[in-house]
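Reading through the structure tokens given below for one structure.
The values are calculated or read from the model by the stated rules, or taken from the named source; none is laboratory data. This structure is a prediction, so every number in the text was calculated from the model and none was measured. Here the Cβ is made from the backbone with ideal geometry for all residues, glycine too, and neighbour counts use every protein chain on show. We work out accessible area using only protein heavy atoms, side chains counted, and drop any ligands, DNA or RNA first. Shrake-Rupley method; radii C 1.70, N 1.55, O 1.52, S 1.80 Å.
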Amino acid sequence: MSQQPAQLSLSDAYRFARESGCLEGVLELSALPRLADVLASLAGTVSYRLSGFTGEREQARLRLQVTGTLQLRCQRCLGAVEEVLAIDSRLELASADSAPTQEELEDERLDILPVTGALDISALVEDEILLALPTSPRHVTCSLPATDGTDAEPHPFAALAVLKHC
Ligand SMILES: [Zn+2]
């Protein structure tokens, strides 16, 4: 696992786009603090590939691809729900002096990325993952955790057993 620069300065980011730069890396999930709330497990990594390109009018753009498998926390039973990431986002760098046109703002395939100071690659990967995740992850079928905490799956005859005691 090679060490990647964590940040690109604004001018480096523009040069990266103009020169069709490419960066690949792997990030530990535990290094992405804003994901901690939604993950059932912080073990694992995501892989990213950031490449630069330019638009028709030489606008500086980035393509960010992120792959990996996350264990989200089920909103119903709190167990792990597997989420396979396949993010492929296109972003246009926007600094204060290069305001996007209305046409670009309306282009849903392109997100505008306001950059002030520096571009933090792991924060960008984290942002794109958060945007891609379901807001309320759940298993297709699952049951609420048992109240006694010993058996997550209630025995099918548990209700009958209670009836016998009455
Ligand atoms: Zn569940």
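Using a simple spin-label model with points 7 Å from Cα along the Cα→Cβ vector, what separation in nm is obtained for Thr45 and Ser30?
With each label point 7 Å from Cα toward Cβ, the separation is 1.4 nm.
Report the FRET efficiency, 1/(1 + (r/R0)^6), for Asp37 and Glu82, where r is their Cβ-Cβ distance and R0 is 22 Å, rounded to 0.05.
Rounded to the nearest 0.05, the efficiency is 0.80.
Ignoring ligands and nucleic acids, what accessible area does Arg49 show with a 1.4 Å probe (Å², nearest 10)?
100
Within region 4-27, whose backbone N sits under 14 Å from a point 7 Å along Cα→Cβ of Ala118?
4-13
Near Gly21, within a Cβ-to-Cβ distance under 14 Å, what is the net charge of the other residues, with Lys and Arg +1 and Asp and Glu -1?
Charge balance in the 14 Å sphere: +2.
Using modelled amide H (1.01 Å from N, peptide plane; none on Pro or chain starts), what sits under 5 Å from the amide H of Arg76, excluding residues fewer than 5 places away?
When sequence neighbours closer than 5 places are left aside, the close amide H contacts are His139.
Show me the ranking of peptides 9-20, 60-71 by mean Cβ neighbours inside 10 Å, starting with the highest.
Working: 9-20: 15.8, 60-71: 18.8.
So the order, starting with the most tightly packed, is 60-71, 9-20.
Hey, can you grab everything whose amide H is under 5 Å from the amide H of Asp111? Only 5+ residues off in sequence or another chain; H modelled, so Pro and N-termini drop out.
Arg90, Leu91, Glu92
To the nearest 10 square angstrom, how much accessible area does Ile112 have with a 1.4 angstrom probe?
Result for Ile112: roughly 50 Å² accessible.
Please report the net charge: other residues with Cβ closer than 12 Å to the Cβ of Gln71, K and R +1, D and E -1. Numbers along the way, then the final one.
Details: positive: Arg73; negative: Glu82, Glu83.
Residues near Gln71 contribute -1 overall.
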